[in-house]
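Down below is the structure, laid out as structure tokens.
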Amino acid sequence: MYHYPDISEKIQKTAAEAEQQCLPVFREIEAVSEANQYKVLRSFIDNRVSESDFFASSGYGYNELGREKLERVYADIFHTEDALVRPQISCGTHALYLGLSSLLLPGDQILFLTGKPYDSLEKSIGITPAPGSLSEIGVTYAISDLIDGEYFDLPRIRSLINEKTRIIYIQRSKGYASRKSLSPEAIGEVIRFAKSIKPDMIAFVDNCYGEFTSLTEPTDHGADLCVGSLIKNPGGGLAPIGGYIVGRADLIERCANRLTAPGLGKEVGGSLGVLKQFYQGLSLAPSVTANALKSAVFASFLFEKLGFCASPAFGEAHHCIVEALTLRDPDLVRKFCGAIQGASYVDSYVIPEGYDMPGYSDSVIMASGAFISGSSIELSADGPLREPYTVFFQGGLTYEHGKYALMKAADSICGNLS
Ligand SMILES: *Cc1c(COP(=O)(O)O)cnc(C)c1O
């Protein structure tokens, strides 16, 4: 192992051992990446992606062939009828709200099968009141939590489904909650269960952080619609903005009509020169996701070895790129995030501090020194400053970068302990 001049001997020794123990898991991650790489390459070849597809259109963007082809490429990778992949979708939350607001009509109900959704959606749904929320137009919601943070509560799901239930909503990644992330197979099982009760519901999956972590995607297991952000896994670190929705053609049509206007749908929306980054980022995405997964696995071993609790634990399957490390002390959370920030390519000299984010009751500290602002497929860490003082680590476009940053974080924390 390379000898770093700025990391203690103790941590370098533990890290070398950690890496050795991780090698068999890394081989499994590489096998998934290799299969996904082929899947992505195959769809580029089958769709005859060419240099002219990178042409930058503006304005209406009618007949923008590169945009239309990219959407076919996404649809092929996710094995869906259609796709919407646009720079006009600002981020993951926007993509999710776009999907929900396109499909739900007054009187409809969303049933959340994986507990309360990701924090940033609370105002979209109206869990916290906000102008323009879905509850404002008479959409209601019901929530079924995961039992022990892991298993679907089937009796409760059965009892909550009624004639109004239009969408069953599944969040694949734990995000910043203390539950487990889900495999595409587990998502498929609950979709089959719910649809056996009411077949006409739409199975809607928040796929953020999950893309390319498995051999299959939720759309291979019965999801009608899958939604995500291009400044996470599928953008491969190169997409500068954007979101995607893949799924059934009739549902994608509704989403396109909402994104632009009924009658315009997918036909308009110049891509302003980002298509090459969308294509190239997608070509790298399986490998970039594998690097983020390796960093997460390395983190689980290293921090467990240092006496902390990691989730997923070392040896447990990773169904998304997020690694939660419970440090039990606000000072250690600050030190961890400070070390990650200090090991970033951009803004390494900045010291992160806790701040009060809208929608959160506790102050949150974040480390992010990314080329794409806020990109969390790049090296990043977030920690709400509350019990039990857990930091959520994710990303790193290369494993080497993730590993170095984690060693710096371990060093910074252990200097404190010993
Ligand atoms: C990141 C994320 C979102 C929201 O995406 P933004 O791009 O931050 O708006 C939603 N759900 C999950 C699980 C996420 O990880």
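Coordinate-derived values only; no laboratory data. As the structure is a computational prediction, the values presented were derived from the model and not from experiment. Using ideal geometry, Cβ is built from the backbone for each residue, glycine included, and neighbour counts are taken over all protein chains shown.
Can you give me the relative contact order of segment 52-111 as a percent, contacts being Cα pairs under 8 Å and 6 or more apart? Working shown, then result.
Details: 22 pairs, mean separation 11.4, N = 60.
RCO, segment 52-111: 19 percent.
I'd like the distance separating the alpha-carbon centroids of segment 255-313 and segment 1-67, in whole Å.
10
Once you've got the GNM for the chain with C-alpha springs shorter than 10 Å, pick whichever of Ser287, Ser57, Ser295 has the biggest mean-square fluctuation.
Highest fluctuation among the options: Ser57.
Taking the number of other C-beta atoms within 10 Å as the exposure measure, put Met357, Met407, Met201, Met1 in order starting with the fewest.
On the way: Met357 15, Met407 23, Met201 19, Met1 11.
Fewest-to-most ranking of Met357, Met407, Met201, Met1: Met1, Met357, Met201, Met407.
If I stretch the segment between Tyr2 and Leu385 completely, what's the gain in nm (0.36 nm per residue apart, minus their alpha carbon distance), one decimal?
Details: separation 383, 0.36 × 383 = 137.88 nm, distance 3.44 nm.
Full extension from Tyr2 to Leu385 adds 134.4 nm.
Considering the Cα trace of segment 1-82, what is its radius of gyration and what is Dmax, both in angstroms?
Looking at segment 1-82, its Cα Rg and Dmax stand at 21.4, 60 Å.
Work out how far the C-alpha atoms of segment 31-150 reach from end to end along every principal axis, then list the three figures in whole Å, largest first.
That gives 47, 42, 21 Å along the principal axes, largest extent first.
Check the straight Cα-Cα distances from Lys266 and name the lysines below 22 Å, setting aside those fewer than 8 residues away within the same chain.
List returned: Lys69, Lys276.
Report the far tail of the P(r) of segment 245-390, meaning the percent of Cα-Cα pairs longer than 21 Å.
Numbers: 6239 of 10585 pairs.
Tail of the P(r) past 21 Å holds 59 percent of the pairs.
What residues have an amide H closer than 5 Å to that of Ser133, excluding those fewer than 5 places away on the same chain, when H is modeled at 1.01 Å from N in the peptide plane?
Residues meeting the amide H criterion: none.
Report, in deg cm²/dmol and to the nearest 500, the calculated mean residue ellipticity at 222 nm for the chain, where each DSSP H run with n ≥ 4 adds -39500 (n - 2.57) and the sum is divided by the residue count. Walk me through the numbers on the way to the answer.
Values: 10 runs with 162 residues, N = 418.
About -13000 deg cm²/dmol.
Run the simple label-point estimate for Asp329 and Asp145 please: 7 Å along Cα→C-beta, distance reported in nm.
Going from the Asp329 label point to the Asp145 one covers 3.0 nm.
Once the piece of chain linking Val350 and Glu9 is laid out straight, how much longer is it, given 0.36 nm per residue of separation minus the C-alpha distance between them? Numbers along the way, then the final one.
Values: separation 341, 0.36 × 341 = 122.76 nm, distance 2.60 nm.
The span from Val350 to Glu9 would gain 120.2 nm if fully extended.
Counting pairs of Cα atoms in segment 221-261, how many percent are more than 13 Å apart?
On the way: 478 of 820 pairs.
I get 58 percent for the Cα pairs in segment 221-261 exceeding 13 Å.
Just flag the chymotrypsin sites (Phe, Trp or Tyr not before Pro) in segment 238-296 sitting in loop per DSSP whose Cβ has no more than 15 other Cβ atoms within 10 Å. Let's see the in-between values first.
Working: sites: Tyr244, Phe278, Tyr279; in loops: none.
Qualifying residues, ordered by number: none.
Once you compute Rg and the Kirkwood Rh from C-alpha atoms, what is the Rg to Rh ratio for segment 320-418?
On the way: Rg = 12.5 Å, Rh = 13.3 Å.
For segment 320-418, the value is 0.94.
For Lys408, go through the lysines and keep the ones whose alpha-carbon is under 16 Å away, minus same-chain ones fewer than eight residues off.
Lys10, Lys13, Lys305, Lys335
Considering every Cα-Cα pair within the chain, what fraction, in whole percent, is farther apart than 39 Å? Before the final figure, lay out each step's value.
Values: 15368 of 87153 pairs.
Value for the chain: 18 percent of Cα pairs lie more than 39 Å apart.
Rank the residues Thr213, Thr93 as a footprinting-exposure proxy: fewest other Cβ atoms within 10 Å of their Cβ go first. Write down the numbers at each step before the final one.
Values: Thr213 28, Thr93 21.
Fewest-to-most ranking of Thr213, Thr93: Thr93, Thr213.
For segment 39-281, just the Cα atoms, rotate onto the principal axes and tell me the three extents in Å, largest first.
Cα spread of segment 39-281 along its principal axes, largest to smallest: 53, 37, 31 Å.
For segment 39-281, calculate the relative contact order in percent as a whole number, restricting contacts to Cα pairs under 8 Å that are 6 or more residues apart. Spell out each step's value before the answer.
Details: 474 pairs, mean separation 68.4, N = 243.
Reported relative contact order: 28 percent.
Among Ile45, Ile365, Ile202, which one shows the highest mean-square fluctuation when the chain is modelled as a Gaussian network with alpha-carbon springs under 10 Å?
Result for the chain, Cα springs under 10 Å: Ile45 fluctuates most.
For segment 1-146, calculate the relative contact order in percent as a whole number, restricting contacts to Cα pairs under 8 Å that are 6 or more residues apart. If you can, show how the numbers build up before the last one.
Numbers: 101 pairs, mean separation 22.0, N = 146.
Once normalised by length, the contact order is 15 percent.
Taking Cα atoms, how many degrees apart are the long axis of helix 65-77 and the longest axis of the chain, rounded to 10 and kept between 0 and 90?
Relative to the chain, helix 65-77 is tipped by roughly 70 degrees.
Once the Cβ-Cβ distance between Leu272 and Glu28 is put in as r, and R0 is 45 Å, what FRET efficiency do you end up with, to the nearest 0.05?
Values: r = 39 Å, r/R0 = 0.87.
According to the calculation, E is roughly 0.70.
If neighbour count is taken as other Cβ atoms inside 10 Å, put Ser144, Ser43 in order from fewest to most.
On the way: Ser144 22, Ser43 18.
Least to most surrounded, the residues fall as Ser43, Ser144.
Give the percent of DSSP beta bridges with both residues in segment 39-281 that are antiparallel, rounded to the nearest 5. Show your work: numbers first, answer last.
Working: 11 of 27 bridges.
Roughly 40 percent of the beta bridges in segment 39-281 run antiparallel, per DSSP.
Determine the sum of side-chain charges near Ile168: Lys and Arg each +1, Asp and Glu each -1, restricted to other residues whose C-beta is under 10 angstrom from that of Ile168.
Working: positive: Arg166, Lys195, Lys198; negative: Asp224.
Net of charged neighbours comes to +2.
When 1/r is averaged over all different Cα pairs and the result inverted, which Kirkwood radius in Å belongs to segment 95-189? Don't jump to the answer; show the numbers that get you there.
Details: mean 1/r = 0.0728 Å⁻¹.
For segment 95-189, the Kirkwood estimate is 13.7 Å.
Of all beta bridges DSSP finds with both residues in the chain, what is the antiparallel percent, to the nearest 5?
Numbers: 28 of 44 bridges.
Bridges in the chain that DSSP calls antiparallel: roughly 65 percent.
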